[in-house]
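Values quoted throughout were computed directly from the atomic coordinates according to the rules given, and no laboratory measurement underlies them. Bear in mind the structure is a predicted one, so any value in this text is a computation, not a measurement. Methodologically, a virtual Cβ is constructed for each residue, glycine included, from the backbone with ideal geometry; neighbour enumeration extends over all protein chains shown.
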């Protein structure tokens with residue numbers, strides 16, 4: 001798994017190496033650079049996988065999901081929601097664009113057909129021992145930033161030190177296992193770990209991108225900034241209009257242009273992201289031809305917003321490619337740091353008031369299914385009753401867990417979809433009563449005060465979907481309300497844990513690993529800016545996370561993750577929402593596309609499909625006026 005995935009040129013992230021040097025021996029003199037373990041037990045390879053073997057070897061000439069002969073040229077415009085006031089994605093302060101990885105290459109990157117592989121990009125090869133206690137990256141001497149400055153091991157070390165010293169808590173958490181970093185030469189760096197027999201830490205550091213030591217020696221990396229730093233990738237930031245637009249330009253002297261995995265990529269001369277604070281305005285901008293491509297996240301807009309002449313005439317294409325990517329949980333997150341949400345009975349009762357079946361029928365146009373796992377659409381999430389293998393993992397903690405964990409399938413409450421959820425209301429009130437809350441004059445009261453809950457949102461779309469849920473809470477006597485704030489204020493309030501409940505989706509980096517500490521670990525519960533938004537503190541959760549990180553086989557990791565899933569679900573820390581097994585994309589018919597899609601194609605955020613290019617003939621027919 002490579003953490004710093006590029007939204008445009010990779011599906012999960014893609015790159016490779018051919019003809020690179022491995023320990024001073026060239027590919028030309030050795031033939032193929034197959035993974036090889038020497039007599040001293042050191043593996044030397046151009047690629048690696050967390051479990052098993054990488055899918056591709058160095059004999060490939062390009063990824064199968066790109067056109068190596070794709071024409072180059074033209075410009076595209078994409079839309080993004082919100083704003084930005086910084087280009088520094090390392091630190092907690094400021095709001096940065098999600099597209100910044102377009103200007104950053106990493107030591108290694110994964111393919112779009114795998115979930116846990118790494119292929120050399122800045123690094124031509126790696127070396128690591130049988131116990132996996134360290135890894136050496138042999139970097140390409142020809143690699144350089146767009147300003148001509150060489151990319152060296154010192155730049156990687158500086159990037160890592162920036163993360164460790166100034167990085168956001170969630171970003172820091174990915175590298176907890178790194179004990180020491182040693183620059184062995186201009187183009188060789190070693191990471192030493194406090195773990196053994198696990199590929200996970202090796203895969204994590206493979207995703208580090210360089211920061212130019214030369215550029216930053218007279219600047220403060222701990223501050224926000226809007227002046228673009230040197231690019232290590234095939235695109236550089238060419239124009240910044242803070243909060244309004246960000247333009248990337250193809251780098252003419254990109255050092256990695258001829259690598260086989262880069263063939264068919266970097267096809268556009270410029271890519272501009274325009275920012276919108278209103279999602280409906282952004283849709284109208286797309287329909288007016290001011291935006292070229294969008295991934296739709298609203299069932300209402302998908303069902304009703306594209307019934308226009310341009311779609312009927314084929315000028316705008318609508319498509320629903322399958323989404324095979326394992327998903328993170330999307331849910332309403334309680335803030336357990338606040339009363340009464342620290343009481344599991346209150347959380348379970350409020351969960352009963354979320355009538356998904358009615359929302360699915362009346363608001364979601366039957367386009368979604370309910371989530372019943374923290375790891376949906378994957379082999380890491382639960383399905384059905386607990387298996388004997390899962391029970392064996394959980395058995396040592398029986399006294400600390402709800403009995404349901406061991407003998408029941410978890411399913412979120414299911415209503416008849418009529419909107420008259422009297423049964424669930426009665427069950428909820430019984431749980432409220434057990435927690436000391438009583439209905440008094442239509443208000444849910446305890447010790448003279450009414451239960452109150454404010455749902456904090458950043459996108460107005462969420463209000464429409466959440467409104468029936470808020471109404472049901474009011475019927476139960478809760479003073480429930482919705483507050484919508486701008487993206488900057490929202491980020492600050494979430495970082496400060498200043499909310500009762502939020503609607504959020506966690507990223508999923510299969511197979512799960514150390515990031516789980518930041519998501520659900522006790523140590524992260526009170527760390528400002530951590531991903532443990534709910535404030536979960538549970539000793540069994542902490543222990544299972546460490547077992548997952550230390551798992552020596554994929555099977556053991558999957559079993560333990562499913563055990564963790566059950567513990568999290570039955571403690572009702574969140575109210576699971578919904579997911580769609582298909583992408584919904586709309587684009588102006590001006591693009592050429594590869595014949596094959598990557599298995600794990602992604603259109604999330606402000607992303608764009610891997611390997612597309614501008615088809616000049618199609619573009620001329622549209623004659624978009626910009």
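Some notes on this structure:
- Mean Cα-pair separation over length for region 484-626, i.e. relative contact order, pairs under 8 Å, 6 or more apart, %: 14 percent
- Our note on the geometry: Cα centres of region 385-440 and region 179-207, 43 Å apart.
- The angle between the Cα long axis of helix 153-166 and the main principal axis of the chain comes to about 20°, on a 0 to 90 degree scale.
- Separation of the residue 361 and residue 459 label points, Cα + 7 Å toward Cβ, nm: 2.6 nm
- Stokes-Einstein D for region 513-626, Kirkwood Rh over Cα pairs, 10 °C, 1.306 mPa s (µm²/s): 88 µm²/s
- Estimated FRET transfer efficiency when R0 is 45 angstrom, pair residue 616-residue 555 (beta carbons, to 0.05): 0.35
- The packing ranking of peptides 380-390, 217-227, highest mean first, is 380-390, 217-227, where packing means the average number of other beta carbon atoms within 10 angstrom of each residue.
- Order of 247, 596 - criterion: other Cβ atoms within 10 Å of each residue's Cβ, fewest first: 596, 247
- Gain in span if fully extended, residue 242 to residue 190, counting 0.36 nm per residue against the direct Cα distance: 15.0 nm
- Treating r as the C-beta distance of residue 312 and residue 488 and R0 as 45 Å, the FRET efficiency rounds to 0.70.
- Kirkwood Rh in Å, taken over the chain so that all alpha-carbon pairs contribute: 25.9 Å
- Mean shadow area of region 1-285 over all directions, Cα convex hull, nm²: 15.0 nm²
- Degrees, to the nearest 10: 554-570 long Cα axis against longest axis of the chain: 30 degrees
- Semi-axis lengths, largest first, of the ellipsoid equivalent to region 245-391 are 38, 25, 18 Å, with √(5λ) applied to each eigenvalue of the Cα gyration tensor.
- Ranked 119, 215, 266, criterion: other C-beta atoms within 10 Å, fewest first: 215, 266, 119
- Gain in span if fully extended, residue 471 to residue 433, counting 0.36 nm per residue against the direct Cα distance: 11.7 nm
- Computed E for residue 131/residue 258 - FRET, C-beta separation, R0 30 angstrom, nearest 0.05: 0.25
- For region 464-534, taking Cα atoms only, Rg and Dmax work out to 14.9, 42 Å respectively.
- Angstrom value of the Kirkwood radius, inverse mean 1/r, which spans all Cα pairs in region 202-279: 15.0 Å
- Cα-based helix-to-principal-axis angle, 422-434 vs the chain, degrees rounded to 10: 90 degrees
- Percent RCO, i.e. relative contact order, over the chain, from Cα pairs under 8 Å lying at least 6 residues apart: 20 percent
- This ranking places 282, 139, 203 by how few other beta-carbon atoms lie within 10 Å of each, fewest first, which gives 282, 203, 139.
- Label-point gap, in nm, between residue 224 and residue 51 - each point 7 angstrom along Cα→Cβ: 4.2 nm
- For region 342-410, the share of alpha carbon pairs falling in successive 10 Å distance bins from zero is 16, 35, 35, 12, 1 percent.
- With semi-axes defined as the square roots of five times the eigenvalues of the C-alpha gyration tensor, the equivalent ellipsoid of region 330-576 measures 29, 21, 19 Å, largest first.
- For region 208-264 and region 113-131, distance of Cα centres in Å: 23 Å
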